[in-house]
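Just below is one structure, and these are the notes that go with it.
Every number in this text was worked out from the coordinates using simple rules, so none of it is lab data. Predicted model only: the values in this text are computed from it and were never measured.
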C-alpha cells in the first residue's frame, strides 16, 4: 500500500485555498515543516496527523491513503 500523505495534504490545501504559511499558522508548526511534508522528505507524526485530520474534518485513514472518502 502506498502512503499518500503528501498528495492528500496538497489536495486538501488546494480545496481550502490554503498556502503553506496559512496551514502552518493554523497547525502551529513551521512553514518548513509543511514544505517537508508536501515534498515527502518527512511525514507528519501522529499528533500532527490528528491536527491535520481535525483541521480538514477528515480522518487519518484518508490522509494516509487507507480509504478514499
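When a/c reaches 1.5 or more, the comparison of a/b and b/c decides; with that in mind, is the range 1-64 rounded, prolate or oblate per its Cα gyration tensor?
Since a/c stays below 1.5, the shape of the range 1-64 is classed as rounded.
Relative contact order of the chain, please, whole-number percent, based on alpha carbon pairs below 8 angstrom and at least 6 residues apart.
Working: 57 pairs, mean separation 26.9, N = 69.
Reported relative contact order: 39 percent.
Would you mind checking the tilt of helix 46-55 against the longest principal axis of the Cα atoms of the chain, expressed as 0 to 90 degrees and rounded to 10?
Helix 46-55 and the main axis of the chain meet at about 80 degrees.
Just to confirm my numbers, what's the Cα centroid distance between the range 8-30 and the range 44-69 in Å?
13 Å
How far is helix 5-16 tilted off the main Cα axis of the chain, in degrees rounded to 10, range 0 to 90?
60 degrees
Under a 10 Å cutoff between Cα atoms, tell me which one of 21, 46, 34 has the largest fluctuation in the Gaussian network model of the chain.
46
Report the extension gain between residue 35 and residue 69 in nm, rounded to one decimal, defined as 0.36 nm multiplied by the number of residues separating them, less their alpha carbon distance.
Contour length minus the Cα-Cα distance gives 9.8 nm.
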